[in-house]
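The values are calculated or read from the model by the stated rules, or taken from the named source; none is laboratory data. Please read these numbers as outputs of a predicted model, since none were measured by experiment. Cβ atoms come from the backbone with ideal geometry, glycine included; neighbour counts cover every protein chain shown. Ligands, DNA and RNA are excluded from the accessible area calculation, which covers all protein heavy atoms including side chains. Shrake-Rupley method; radii C 1.70, N 1.55, O 1.52, S 1.80 Å.
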Amino acid sequence: MRTTTCIYAVVLLGSTILAAGQSPEIPKHGRAVKFFNGKDLKGFDTFLTSQGLNSDPNHVFTIENGVVHVSGMEMGYFITKQEYSNYYLRAEFKWGEGTYGSRQGKARDSGILYNIQGPNKVWPRSVEFQINEGCTGDFWMTDGAALTGKDGVRVTGPDGKALKIDRFNKGPYQNVVGYRDPINEVEKPHGEWNVVELVNRNGHVWQYVNGKLANEGTNAFPASGKILFQSEGSELYFRNMKLYPLK
């Protein structure tokens, strides 16, 4: 009876973890730090190319019932006020409908940029967890940021520009709205919530999409910094954004 009870408890615990959407490879970590309170962007600054810092008259970023609605109608982001290192970040996103400006009619695009150091601009020096229809999970290195991919090749983003490392087993890509990878799509169908997870341990980074390892790199430069969530011409929603320090 005790053996059966123990087995049941282990299965139940495993089911609880999987139900929470955490990938089994995530390392041990502490409790979540105060990151997003579900009510406002108190722990963040906002930045828009048209308005600068902490000015959002057109309500590009709004919050309702614990969800951040990003209209995508202007280029910019909301960015943590604090810098972070050695952490596990988990968030959920789903696409809205609208595409705007240079992204109109093109694959919906956003991202989580991390290890940000330096002034606010579009886009700051950072490594990016790409969120983009057909290629979610790609790395982008922007404005001098660098990362060594799984193949051992080091990629450095030029000043003011960016270079990418494709996610694992990526298929052909077409930059059209609603696009889905015909070979290895990792996103759920349009309108459903997706789980993205990032582990950043001393510059060794892993990116997961819906529990699947999508990309991995080492010797990130910078290796720590602020974290931002993009508005990049596409409507989307973020929720359950949590950050945990690694043990």
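Tabulated results
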quantity: Alpha-carbon Debye profile of the stretch 31-173, log10 I(q)/I(0) at 0.08, 0.15 Å⁻¹; calculated: -0.23, -0.87
quantity: Karplus 3J(HN,Hα) series, Hz, for the stretch 157-167 with 6.51 cos²θ - 1.76 cosθ + 1.60 (x for Gly, Pro); calculated: x, x, 4, x, 9, 8, 10, 10, 10, 4, 5
quantity: Amide H partners (placed H, <5 Å) of VAL60, local residues excluded; calculated: none
quantity: Under Karplus coefficients 6.51, -1.76 and 1.60, residue-wise ³J(HN,Hα) of the stretch 180-194 in Hz, glycine/proline x; calculated: 10, 5, x, 9, 9, 6, 10, 7, 7, x, 3, x, 9, 6, 10
quantity: Spread of Cα-to-Cα distances over 5 Å intervals beginning at zero, given as percent, for the stretch 129-247; calculated: 2, 10, 20, 24, 21, 15, 7, 1, 0
quantity: Placed amide H near HIS29: partners under 5 Å, 5+ positions off or other chain; calculated: LYS247
quantity: Relative contact order %, the stretch 122-247, counting alpha carbon pairs below 8 Å whose residues are six or more apart; calculated: 21 percent
quantity: Probe 1.4 Å, protein heavy atoms only - accessible area per residue of the chain in square angstrom; calculated: 48 Å²
quantity: With every protein chain in place, the chain: carbon and sulfur % of accessible area (1.4 Å); calculated: 53 percent
quantity: ARG31-LEU246 pseudo-label distance in nm [points 7 Å out on the Cα-to-Cβ vector]; calculated: 2.2 nm
quantity: CD proxy at 222 nm, helix term only [per DSSP H run n ≥ 4: -39500 (n - 2.57); per residue of the chain; nearest 500]; calculated: -2500 deg cm²/dmol
quantity: Estimated inter-spin distance, THR218 and ASN58, nm [label 7 Å along Cα→Cβ]; calculated: 4.5 nm
quantity: Rounded accessible area of TRP140 (nearest 10 Å², 1.4 Å probe); calculated: 70 Å²
quantity: The stretch 189-247 pair-distance distribution - Cα-Cα, 10 Å bins, rounded %; calculated: 17, 48, 30, 5
quantity: Kirkwood Rh and Cα Rg combined as Rg/Rh, the stretch 98-172; calculated: 0.99
quantity: Which of LYS161, LYS212 is most accessible, then next, and so on - probe 1.4 Å; calculated: LYS161, LYS212
quantity: Kirkwood hydrodynamic radius of the chain, from inverse mean 1/r over distinct Cα pairs, in Å; calculated: 18.5 Å
quantity: Student exercise, the chain dipole from Lys, Arg, Asp, Glu Cβ charges, in Debye to nearest 20; calculated: 820 debye
quantity: Max mean-square fluctuation residue, GNM over the chain, Cα-Cα springs under 10 Å, options ALA32, ALA145, ALA223; calculated: ALA32
quantity: Relative contact order %, the chain, counting alpha carbon pairs below 8 Å whose residues are six or more apart; calculated: 30 percent
quantity: Extension gain from ARG201 to ASP45, taking 0.36 nm per residue of separation minus the Cα-Cα distance; calculated: 53.7 nm
quantity: For the stretch 67-77, Karplus couplings with θ = phi - 60° (6.51, -1.76, 1.60), whole Hz, Gly/Pro x; calculated: 10, 8, 8, 9, 5, x, 6, 9, 6, x, 5
quantity: Loop-located GluC sites (Glu not before Pro) in the stretch 184-236, at most 13 other Cβ atoms within 10 Å (DSSP); calculated: GLU192
quantity: Angle between the chain longest axis and helix 2-19 axis [Cα atoms, degrees, rounded to 10]; calculated: 10 degrees
